[in-house]
Amino acid sequence: MNALDISKKMETDAIKFYMEAAQKMSYTAGKKLFLSITEDERRHLEMITLLIRGMNFTAQDVSPMQNVKTVFESLKDEMMKKVAASKDDLEALKIAMEMEREGKKFYEQSLSAAKTEKEKALFKRLIEEESQHYAMFENTYSHLSDTGNWYLWEERGVIEG
């Protein structure tokens, strides 16, 4: 299997896991986070598939971080509530962080071995977005683990505007 085929499988597995996690997530903002990132992973899969077929892909100018900020801003009141996260919610976020960390690591290795400019462009884009995904999962984990501290130190400006 080459790097593109492995990438395709990784993105397919991520879509499946994130959809299942979204369905099980008891925390509404966490559910929306998983659904938003699922859409990013679908877009990644489409870009990889196009490249495998020898077609050009266009890396849309999408900011996963901005998309999630919009989701969280729409849930401002819910974000202010003290949330009792289930063990399953926190575990799903831990798994997601590990998946994104490993994905980024794989894409970095693939970038250094890439032979074409198209492959390099793809892997650079995937590295950037996987890094953003990791940060979003980490931030949500932090919020669910210690809502008060998260609000005080991390997101006060986003929630207050």
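Only the coordinates and a few stated rules stand behind these numbers; no lab work does. This structure is a prediction, so every number in the text was calculated from the model and none was measured. Here the Cβ positions follow ideal geometry from the backbone for every residue, glycine too, while neighbour counts run over all protein chains shown.
List of remarks:
- For the cross-link pairs K24/K120; K9/K94; K31/K105; K24/K115, the ones whose C-alpha atoms lie over 29 Å apart are K24/K120; K24/K115.
- Calculated FRET efficiency, M55 to K105, Cβ-Cβ distance, R0 = 25 Å: about 0.40 to the nearest 0.05.
- Phi angles across region 130-136 convert, under the Karplus curve 6.51 cos²θ - 1.76 cosθ + 1.60 with θ = phi - 60°, into 3J(HN,Hα) values of 5, 5, 5, 4, 4, 4, 5 Hz, Gly and Pro given as x.
- Among D89, D13, the order by Cβ neighbours within 10 angstrom, fewest to most, reads D13, D89.
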